[in-house]
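These notes are about the structure you will find just below.
The values are calculated or read from the model by the stated rules, or taken from the named source; none is laboratory data. From a predicted model like this one, the values you see are computed outputs, not experimental measurements. Cβ placement follows ideal geometry from the backbone for every residue including glycine, while neighbour counts extend to all protein chains displayed. Surface areas here come from the heavy atoms of the whole protein model, side chains and all, with no ligands, DNA or RNA. Shrake-Rupley method; radii C 1.70, N 1.55, O 1.52, S 1.80 Å.
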Number of protein chains: 2
Amino acid sequence: MADKINLADKLALFEGYWQPRVVGDFNGHDLMVVKVRDEFVWHSHPDTDDFFLVLKGKLRIKLRDGDVVLGPGEMYVVPKGVEHCPMAEEETHLLLIEPRGTPNTGEAATAQPRREI
Amino acid sequence: MADKINLADKLALFEGYWQPRVVGDFNGHDLMVVKVRDEFVWHSHPDTDDFFLVLKGKLRIKLRDGDVVLGPGEMYVVPKGVEHCPMAEEETHLLLIEPRGTPNTGEAATAQPRREI
């Protein structure tokens, strides 16, 4: 029997922004937590939707046709192929879900490594 | 541009236990919210993992080799094929993720219909 996953406990285990940690597996997807602050990079994922759920803080997802602003308990799915740039003015904690191995920047060369906690 | 999804707002739109509502789509999966109370039925999903994230309340997932008890901000993935029986002593709110069309009871004949909100 696998352990339950307490998201806040997992987030307390590491520092650093835009460096997701894998906390579980679901149908070939990585379940990940991440701390973010400031602006990421404009990117898209050609083969997968991009799932964001805010656990703490406030996330702005910049899109070419407008922004989406999410607080705790709010989520958004960026459809595959759609350019976006996440940003946060304060430290913000997220749950992310992506197919295993998806580069977080959209490109393998610049992506964070896959790290489990 | 799609709307953001506020999970609490979605949960305020309906009543009834064990009747999930679809709030979004992610890689062919339904993103669903559900209110639960009392005991569901023992079942398994042969072809998909079963994702549970507690938003409010307390969920006990009974498994043949022990129980998992989840509070807000805690999640668990029941691996495909593993028998489980969710239950809650108090009204509990969940985020569920399953491939579109997965019967919530494990069997089409007894499953809740797919309803979007």
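With the checklist (1) part of a strand (DSSP E or B); (2) within 24 Å of B:Arg100 (Cβ to Cβ) in hand, flag the one item A:Val23 doesn't pass.
(2)
Being acidic (Asp, Glu), outside any strand (DSSP E or B) and at pLDDT below 95, is that true of even one residue in the range A:95-111?
We begin by selecting, within the range A:95-111, every residue acidic (Asp, Glu); these are A:98, A:107.
Now restrict to residues that are outside any strand (DSSP E or B): A:107.
With at pLDDT below 95 added as a condition, the list becomes A:107.
Within the range A:95-111, one or more residues are acidic (Asp, Glu), outside any strand (DSSP E or B) and at pLDDT below 95.
Within the range A:11-26, track down each residue that is touching a Leu at 6+ places or on another chain (Cβ under 9 Å) and open to solvent by 50 Å² or more (accessible area, probe 1.4 Å). Before you say what the answer is, go through the steps one by one.
Taking the range A:11-26 and keeping what is touching a Leu at 6+ places or on another chain (Cβ under 9 Å), we get A:11, A:20-25.
Within the range A:11-26, A:Asp25 is the sole residue that qualifies.
Name the residues in the range B:29-63 that are open to solvent by less than 20 Å² (accessible area, probe 1.4 Å), part of a strand (DSSP E or B) and farther than 21 Å from B:Pro113 by Cβ, would you?
B:Leu53, B:Val54, B:Leu59, B:Ile61, B:Leu63
Give the residues of the range A:64-84 that are surrounded by 13 or more Cβ atoms within 10 Å (Cβ to Cβ) and of a type in the set (Lys, Arg), sorted by residue number.
Selection gives A:Lys80 alone.
I'd like to verify a number: residues in the range A:64-73 that are outside any loop (DSSP other than H, G, I, E, B), among the charged types (D, E, K, R) and more than 17 Å from A:Glu89 (Cα to Cα), how many? Even if it seems obvious, please write down each step before you answer.
Going through the range A:64-73, the residues outside any loop (DSSP other than H, G, I, E, B) turn out to be A:66-70.
Retained after the next criterion (residues that are among the charged types (D, E, K, R)): A:67.
With more than 17 Å from A:Glu89 (Cα to Cα) added as a condition, the list becomes none.
Selection size over the range A:64-73: 0.
Yes/no matrix, rows are residues, columns are (1) at pLDDT below 95; (2) more than 20 Å from A:Leu55 (Cβ to Cβ); (3) more than 8 Å from every other protein chain (Cβ to nearest Cβ); (4) touching a strand residue (DSSP E or B) at 6+ places or on another chain (Cβ under 7 Å):
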position: B:Lys4; (1), (2), (3), (4): no, no, no, yes
position: B:Leu13; (1), (2), (3), (4): no, yes, yes, no
position: B:Trp18; (1), (2), (3), (4): no, yes, yes, yes
position: B:Leu31; (1), (2), (3), (4): no, no, no, yes
position: B:Val34; (1), (2), (3), (4): no, no, yes, yes
position: B:Lys56; (1), (2), (3), (4): no, no, yes, yes
position: B:Leu59; (1), (2), (3), (4): no, no, yes, yes
position: B:Lys62; (1), (2), (3), (4): no, yes, yes, yes
position: B:Gly66; (1), (2), (3), (4): yes, yes, no, no
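Mind telling me which of the residues A:Ala88, A:Ala108 ends up being surrounded by 17 or more Cβ atoms within 10 Å (Cβ to Cβ) and either within 24 Å of A:Glu15 (Cα to Cα) or out of contact with any strand residue (DSSP E or B) (no Cβ under 9 Å at 6 or more places or on another chain) (or both)? Reasoning before the result, please.
Working: A:Ala108 fails: surrounded by 17 or more Cβ atoms within 10 Å (Cβ to Cβ).
The unique qualifying residue is A:Ala88.
Does the range A:1-20 hold any residues that are in a loop (DSSP other than H, G, I, E, B) and more than 16 Å from A:Gly101 (Cα to Cα), and which are they? If you could, list the steps in order and put the result at the bottom.
Quick first cut of the range A:1-20, residues in a loop (DSSP other than H, G, I, E, B) only: A:1-4, A:12-20.
Correct list: A:Met1, A:Ala2, A:Asp3, A:Lys4, A:Ala12, A:Leu13, A:Phe14, A:Glu15, A:Gly16, A:Tyr17.
For B:Ala8, are the conditions met, namely being under 25 Å from A:Asp9 (Cβ atoms), facing chain A (nearest Cβ under 8 Å) and surrounded by fewer than 20 Cβ atoms within 10 Å (Cβ to Cβ)? Give the derivation first.
On the way: under 25 Å from A:Asp9 (Cβ atoms): yes; facing chain A (nearest Cβ under 8 Å): yes; surrounded by fewer than 20 Cβ atoms within 10 Å (Cβ to Cβ): yes.
Yes.
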